[in-house]
Every structure is written in C-alpha cells, then in structure tokens.
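J.: Before I ask anything, here is the structure I am working with.
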Amino acid sequence: MDNKINIILFDDQNRDNLLPLVFTRPVAELRIGISTIKEKWELICPSECSYQTVNYLAKKYPMKLEKNNLFINSCLIPDDRLINEMITLKSGGVIQKDGVILGYKASEPMHFNKSFVGINEYQYNILFIRNLWDIFTLNDKVLRDDFVRITRGRKTKTLSQTNKVLGAENIFIEDGAKVECSIINAESGPVYIGRNAEIMEGNIIRGPLAMCENSVLKMGSKIYGAVTIGPYCKVGGEINNSVFTANSNKAHDGFIGNSVIGEWCNLGAGTSNSNLKNNYAKVKLWNYSSEKFINTGLQFCGLIMGDHSKCGINTMFNTGTIVGVSANIYGSGFPRNFIPSFSWGGAQGFMDYQPEKAIETAEIVMSRRGTVLSETDTEILKTVFDLTRNYRKF
C-alpha cells in the first residue's frame, strides 16, 4: 500500500451491536483469529493505523488526521482484493457493500447522514463483524488466514520431542515459547504458539488454536478449535470455539464454549457456561442497539463478558449470557442472562457495584501484571458506569 496514505479505522452505527465489548475500546481493538483487527490492517498495509471512535474513548485512542487519508470501516477483516480496491479510490471516492460504507478517501471524516454520489459497489464477499457472535463463528476462518500471513516466509522454532504431534507442518512456534508433554493435533487446523507462550504438561489440543504472546495453557486442559488465547491470558479446563481477548484468567477446570471473554476478566474455579439449550432451540442474545433480546440464529452460543468482570467459583452461566463491564458475579444457581455493567450479585439478586470499588479492584488486578490503570482508563470506566445506569434497575 502507498506509504503516503494515512489509515484511519472508523466506528460506524454498527458499533452498538458489539457492546459490551466495545464499551472500553474501539471496534478495531477487538481480537479475532490471532490478532486484533487493527493489527491485521497494519500487517497487510503496512502502516500504523489510528482510530475514529466515540468521544469518551478518543483520548486513549486518538485519530491521526493528515492530508491524504484512507478511512476504513473498523468492522472489516482485511483481504488483499479489498485492499486493492480501496487504494485505487480517488480523493472523495467511496466503496460500499449492501448500503454499508466500507471505506473512503478524504481529507477529513465524513458524516454518515449525508448522501453521496459516485459510490463504488464492492462485488465480492467480505468478512464483517456485524454482531458479537461473529467473533467466535468467524474465528476459525480468520485464525487460518492470520496463520498464513503471520508465518509466511518464516521458520518455526523446533517443537520438543516430549510432545505427540499430528500435522507438524501446521504448527508454528515463536521465540521463547515452551511446549512439553502434550498432544497436539494440527491436522484439523493450524496451531500458533506466540512469543514466550507456554503450554504446560498433559494438554490435549485440536487446532485451530492461537496462543498469543505470554499466554499460558495450564496442565491437563482440553482445547477444541477454533480457540484464541490472547496475550497474557492464563486458561485451563475445557475450551471450545472461544476467544479470550487479553490479560484474562480461566486458570482452572470448567467449560467455556462459543464465547468471547474481554480483558482483565477472571473466571473462578469450576466456572462453566452452557452453549446449547436443552430444547435445541435457536439462542437469543441481549442487543444494546435494539435494547431487547434478538435471535442469533445459532444453536450454539455461550457467554459474552465485558472487560474487568469477575465471577466466583462454580459460577454457572446459561446459554446466551451477556455480562457487561466491571460486573462481579457469585453464588449458586444460574444468574440472569443479561447482567448489566457494574452489577454485584448473582441468582439471588444484584445491586450496584460502585465505580470507586470497581476501580480499586482494577488497579490491584492490573498492578499484579506490572500495568497501571491510567487516569484515562479510570474516566472511561466512570463513563461506562453512567452510560449503563438505566440497565441497573434491580
């Protein structure tokens, strides 16, 4: 791509469909496959991207505006054909598909409520994150594509002979990674083991699997693809078709399937989610845009958990549960399947989790990994508390 083109990843009206995960980040910071959406564009372009997002996130995620800008919809997963179409746009040119603006070239951001002339209709299929469940339903495809791009022309580190391996040609190991005494079947999909990641002894793994930088898979775990374990996550137990964003823990036994876990979350020992209703009906999921439960069309759909949320030991999440930001869940029984941000409680009832207490916990959790909760992060959490106040009518 022309290095003179400044890339800005913009959040459009679809953003609300991706709450609560994007209460605390732009859409481009969502992880799917191996990397975040922003990292995918920066790898392919290559060019450092900035963001156009909601005002309260803009201080942490600013927009870098230059004379010649390519604005790209942040819900898009990049591919070579799409990039080629975008870079050929002239200044003022717009490319769309089925009424959705995919990208445009301009000196400043455009307003989506105006009409445009000379719009190019994109004729090919796209990967577009329209809904929360797209993150785990598309994870298999995106993980495979990421694997090819990230490993192209590179040589993997050698895998220890203490492991039992099928499909060794589909395994890539970065510097500093440790893998011992495990069973890895990469015939069903690639296995990527990031820098300084560790797979402890006795694990049974079926790809696709992405273990990102400094992530840890605890002993005796069972992993079914497609699973993404984000940077600095520690996970164990049984996991299927799920994405852990970053810095989150599920360090003990329990099942997580068809789910997306945000950042700085902790799942207590024995925590499990249902991903299939007893009557095999399609799963409904809370949607912030329509403010009601909507039909996902999926038979398998588990848990979506926003950043900084925690749950106690043996927590049971029902099929299609949404947990917001900074919730604290504990106790016996199934809690409700829509838990607003800053909720404290469980199946017996909830109360407000005051932001001062939630922020204090976040500071402790982050400091344990050498990270500081900044003033900007604190203001974001306080804003989310205010934005979600109406949902906490316990």
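Bear in mind these aren't lab numbers, they're just calculated from the coordinates by the rules spelled out. None of these values were measured; they are calculated from a predicted model. Note that we place each Cβ from the backbone using ideal geometry, even for glycine, and neighbour counts take in every protein chain shown.
J.: Put one equal scatterer on each alpha carbon of segment 249-350, apply the Debye formula with no solvent term, and list log10 I(q)/I(0) at q = 0.21, 0.22 1/Å to two decimals.
T.: -1.08, -1.18
J.: Is segment 13-160 best put as rounded, prolate or oblate by its Cα gyration tensor, with a ≥ b ≥ c the root eigenvalues, rounded for a/c under 1.5, and otherwise prolate when a/b is larger than b/c, oblate when not?
T.: Prolate shape, in that a/c is at least 1.5 and a/b is the bigger ratio.
J.: Could I ask something else about it? Could you tell me which of rounded, prolate or oblate describes the chain, using a ≥ b ≥ c as the square roots of the eigenvalues of the alpha-carbon gyration tensor, with rounded for a/c under 1.5 and, failing that, prolate when a/b is larger than b/c and oblate otherwise?
T.: Verdict is oblate for the chain.
J.: Which entries in LYS234/LYS277; LYS105/LYS234; LYS67/LYS155; LYS59/LYS310; LYS38/LYS277; LYS141/LYS310 show an alpha-carbon gap greater than 32 Å?
T.: The pairs that break the limit, which is 32 Å between Cα atoms, are LYS105/LYS234; LYS67/LYS155; LYS38/LYS277.
J.: Among TYR122, TYR288, which comes first, second and so on when ranked by fewest other beta-carbon atoms within 10 Å?
T.: Ordered by Cβ neighbours within 10 Å, fewest first: TYR122, TYR288.
J.: What ranking do 375-385, 200-210, 321-331 get when scored by the average of other Cβ atoms within 10 Å per residue, highest first?
T.: For the peptides 375-385, 200-210, 321-331, the packing ranking is 321-331, 200-210, 375-385.
J.: Moving to a separate point now. Separation of segment 269-306 and segment 235-265 by C-alpha centroid, Å?
T.: The distance from the Cα centre of segment 269-306 to that of segment 235-265 comes to 16 Å.
J.: Taking only DSSP H segments of four or more residues, each worth -39500 (n - 2.57), what value at 222 nm results for the chain once the sum is divided by all its residues, to the nearest 500 deg cm²/dmol?
T.: Value at 222 nm, helices only, nearest 500: -4500 deg cm²/dmol.
J.: Below 8 Å, C-alpha to C-alpha, sequence gap of six or more: please give me the relative contact order for segment 30-117 in percent.
T.: 24 percent
J.: Then there is this: Could you sort 131-140, 84-93 so that the peptide with the highest average Cβ count within 10 Å comes first and the rest follow in order?
T.: 131-140, 84-93
J.: If packing is taken as the average count of other Cβ atoms within 10 Å, what order do 214-226, 239-251 fall into, highest mean first?
T.: The peptides rank, most packed first, as 239-251, 214-226.
J.: Right, next: Please order LEU387, LEU298, LEU70 by the number of other Cβ within 10 Å, starting at the fewest.
T.: In order of increasing Cβ crowding within 10 Å: LEU387, LEU298, LEU70.
J.: Report the FRET efficiency, 1/(1 + (r/R0)^6), for LYS277 and SER332, where r is their Cβ-Cβ distance and R0 is 25 Å, rounded to 0.05.
T.: Once rounded, the FRET efficiency stands at 0.75.
J.: Expressed as a whole number of Å, what is the distance separating the alpha-carbon centroids of segment 331-376 and segment 116-158?
T.: If you average the Cα positions of each part, the centres end up 32 Å apart.
J.: Can I ask one more? How large is the Kirkwood hydrodynamic radius of segment 30-99, in angstrom, based on all distinct alpha carbon pairs?
T.: 13.5 Å
J.: Do you know the relative contact order of the chain, to the nearest whole percent, from alpha carbon pairs under 8 angstrom that are 6+ apart?
T.: Reported relative contact order: 10 percent.
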